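Okay, structure first, notes after.
Rule-based calculations on the coordinates, nothing more; no lab input. Remember, predicted model here, so these are calculated numbers, not experimental data. Every residue, glycine as well, gets a Cβ built from its backbone with ideal geometry; the counts of neighbours run over all protein chains shown.
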Amino acid sequence: MKIGILGAGNIGGNLGKLWAETGHEVFFAVRSPQSDKVQAILNSITANFHTGTIEEAVTFADVILLSIHWQNVPEILTQIQDIITDKILIDSTNRMIPPPADTTGSAAGDIARLLPTAKIIKAFNTLGANNLTNLQFGAENASTFICGDDTEAKSIVTQLAQEIGFDVVDVGLLNTAPLIESLAKLWVQISRQYGRETAFKLLKR
Ligand SMILES: NC(=O)c1ccc[n+]([C@@H]2O[C@H](COP(=O)([O-])OP(=O)(O)OC[C@H]3O[C@@H](n4cnc5c(N)ncnc54)[C@H](OP(=O)(O)O)[C@@H]3O)[C@@H](O)[C@H]2O)c1
């Protein structure tokens, strides 16, 4: 699969590296290719990756990961709205700033409103990036909670998440994104008391 990473930082850098290692072709959109952070990620990947602009990453990819701080998200959405067409966009963001007055109720819903043809899937936002390279907690693997309206897109994202070790919990349609976004806020609060080596897992029987 061709994957575009918008924001090669803690989340995007690590997920991109993991997907490149599992054989996917990953295109990192980077605005400061020589920065220490970007170089550290790129130097740790041996194959299957490219770098370039936001537009080049979106044009290249079938699946796009949005892993940028919310302050920068509106400018990125404006940049990609005419080229994303009906591609899959995974929203891993957490909006830690107040929502606009006309919010749909979630960051993912607001993205979907701005990118009406794209298939938006919320995922990968409910645990600290430090856990991405080791999702195992004893006998259990951490869950990622996903939602979205397009069944095929959700199954592609499910497979991408399972390939790198996540237990995937499909929460439902995109209108359940507020629940997943709240869970991220709960993780932040919990991590202050219990540390960042923590993750949610859905127990089932
Ligand atoms: N960190 C976590 O544990 C965690 C967990 C769950 C969800 N999240 C969410 O994931 C998102 C990313 O968080 P993060 O911790 O990965 O942030 P980060 O390490 O700061 O990475 C963000 C990346 O976005 C890039 N960026 C910003 N504007 C850009 C632009 N116009 N063009 C290209 N690249 C651009 C930054 O590049 P520069 O270096 O050039 O600025 C940086 O590499 C946030 O919404 C956050 O809430 C984070």
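Among the aspartates and glutamates, which have Cα under 17 Å from the Cα of K119 when same-chain residues fewer than 8 positions away are ignored?
Hits, sequence-local ones excluded: D62, D82, D86, D91, D110, D149, D150, E152, D170.
Mind ranking 147-157, 127-137, 4-14 by how tightly packed they are, going by the mean number of other C-beta atoms within 10 angstrom, highest first?
4-14, 147-157, 127-137
Relative contact order for the chain using alpha-carbon pairs under 8 Å, separation at least 6, rounded to a whole percent?
Rounded, it is 18 percent for the chain.
Could you rank the peptides 80-88, 103-111 by their average count of other C-beta atoms within 10 Å per residue, with the highest value first?
103-111, 80-88
Considering every Cα-Cα pair within the chain, what fraction, in whole percent, is farther apart than 27 Å?
Percent of Cα pairs beyond 27 Å in the chain: 25.
Can you give the local net charge around Q162? Use residues other than it whose beta-carbon is closer than 14 angstrom to its beta-carbon, Lys and Arg +1, Asp and Glu -1.
-2
Fewest Cβ neighbours within 10 Å first, please rank W19, W187 accordingly.
W187, W19
Leaving out same-chain residues fewer than 8 places away, which aspartates and glutamates sit with a Cα under 14 Å from that of K37?
Output for K37: empty list, no partners.
About the Cα centre of the chain, what is the dipole size in debye to 20, counting +1 per Lys and Arg Cβ and -1 per Asp and Glu Cβ, all else neutral?
620
Using Cα pairs closer than 8 Å and at least 6 residues apart in sequence, work out the relative contact order for the range 1-64, in percent.
Across the range 1-64, relative contact order equals 44 percent.
Ranked highest first by the average count of other Cβ atoms within 10 Å around their residues, in what order do 28-34, 43-49 fall?
Taking the mean over residues of other Cβ atoms within 10 Å, the ranking is 28-34, 43-49.
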